[in-house]
Amino acid sequence: MKKIVVLGSINVDTILNIARLPLPGETMAMHDRSIAGGGKGSNQAIAAVRAGAETSFISKIGKDHAADFMIDVFKHDGLNIDHVTMDDEAGTGKAYILLDDNGQNSILVYGGANQTITVEDVKNASDAIVDADCLITEFETPLDATIEAFRIAKKNNVLTILNPAPAKTNIPEELLNLTDIITPNETEAEAITGIKYTDKSSLIKITNKLHEFGVKHVIITLGGKGSFYYVNDESGFVEAYKVSTVDTTGAGDTFIGYLAAKLDSNLGNVEEAMKYASKASSITVQTKGAQNSIPYAKNIKI
Ligand code: RIB
């Protein structure tokens, strides 16, 4: 069984269903509100475990009810949370998701305990990293801890996947050099490279720039359009599955978790793994909320 470690965030998401974004100074009634498990890190970890991988999670929670809620979800899914520790002061991370009638979301994040993850926490989890086939991380937790995790992984020949979300400029060169596969969406790709996605040739330009920065392999996700790869010196495009979208929250995270769970260590099956991941995220977008929408492997039929 594939062994995956995710270093990343935990958020409790409050989803606010509204007709449209409010104007400055406007007071508006919402249609509905609901709570769901979220956070890019925990969404990716849940996706990997539901895809069938043995998955360990490195993260931090607060000492509060939100933490109890999330721990119940993790235990229910069989996620290894030996390295999810508690901060006595900061609250568990929260996200407030404004979801409009067109399925478009805007997200406000309170980092809380996610921002207290330290290099020491990562060192304490090094046994899990060393033992894994693959390490995934994103940008909702501190950068120094991320770099330490990638150092440990690369010293031990563990495949590293960097999901550079939320979008960030000036990513440290060391981190990019330690990255085997980077998986930006079009906005994140532009933030890193300064190159806007317009067409196929722009994808190649973005890829070349990422190679210049030291990243080995590139997968760019383009939402409902599909995803592009440049892996092992070969490029290709995987079309997205056409479905009716209710809420895209967690779709990118589902893609990453499923991709990592399916990908062979020599990356030889990248196109097959991307189709599988794309099918999984096409299921996620059909239901409101992040973690509650992430499918189980038994529901993925290609
Ligand atoms: O990627 C989706 C996630 O981003 C949400 O679950 C929310 O918590 C934010 O972190």
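So here's what we get for this one:
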read-out: Gain in span if fully extended, Glu120 to Thr27, counting 0.36 nm per residue against the direct Cα distance; value: 29.0 nm
read-out: Dipole in debye (nearest 20) - the range 41-169, about Cα centre, beta carbon charges: Lys, Arg +1; Asp, Glu -1; value: 360 debye
read-out: Dipole magnitude of the chain about its Cα centre (Cβ charges: Lys, Arg +1; Asp, Glu -1), debye to nearest 20; value: 760 debye
read-out: Share of alpha-carbon pairs per 10 Å distance bin for the range 151-269, given as whole %; value: 12, 47, 34, 6, 0
read-out: For the range 140-239, share of DSSP beta bridges that run antiparallel, in % to the nearest 5; value: 65 percent
read-out: Amide N proximity, the range 13-53 versus Met1 label position 7 Å along Cα-to-Cβ, cut-off under 17 Å; value: 45-53
read-out: Alpha-carbon Debye profile of the range 92-152, log10 I(q)/I(0) at 0.14, 0.17, 0.25, 0.29 Å⁻¹; value: -0.53, -0.67, -1.01, -1.19
read-out: Alpha carbon Rg of the range 140-206, scaled by the compact-globule rule 2.2 N^0.38 Å; value: 1.17
read-out: Leading residue at positive end of dipole, the chain (Cβ point charges), from Pro164, Gly268, Tyr110; value: Gly268
read-out: Extension gain from Asp144 to Asp64, taking 0.36 nm per residue of separation minus the Cα-Cα distance; value: 26.2 nm
read-out: Point-charge dipole on Cβ atoms (K/R +1, D/E -1) for the range 169-302, about Cα centre, debye to 20; value: 600 debye
read-out: Between the range 105-126 and the range 1-21, the alpha-carbon center distance in angstrom; value: 13 Å
read-out: Projected label distance in nm at Lys200 and Asn156, using a 7 Å step from Cα toward the beta-carbon; value: 4.2 nm
read-out: Signed unit charges on C-beta, dipole axis of the chain, positive-most listed residue Ala277, Ala189, Leu143; value: Ala277
read-out: Paramagnetic reach from Val246 in the range 260-295 [backbone N under 20 Å; point 7 Å along Cα→Cβ]; value: 278-295
read-out: Label point distance in nm, Tyr110-Tyr296, each placed 7 Å from Cα along Cα→Cβ; value: 3.3 nm
read-out: Estimated 222 nm signal from helices in the chain, with DSSP H stretches of n ≥ 4 weighted -39500 (n - 2.57), rounded to 500; value: -10000 deg cm²/dmol
read-out: Solution diffusion estimate, µm²/s, Stokes-Einstein, the chain, Kirkwood Rh from C-alpha pairs, 37 °C, viscosity 0.692 mPa s; value: 172 µm²/s
read-out: Cβ-based charge dipole, the range 38-104, positive-most Cα from Val49, Leu98, His65; value: Val49
read-out: Gained length - Glu89 relative to Glu174, 0.36 nm times residue gap less alpha-carbon distance; value: 27.5 nm
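A short reminder: the numbers here are calculations on the coordinates, not readings from a lab. Note that this is a predicted model, so its numbers are computed, not measured. Neighbour counts are summed over all protein chains in view; Cβ atoms, including those assigned to glycine, are modelled from backbone coordinates with ideal geometry.
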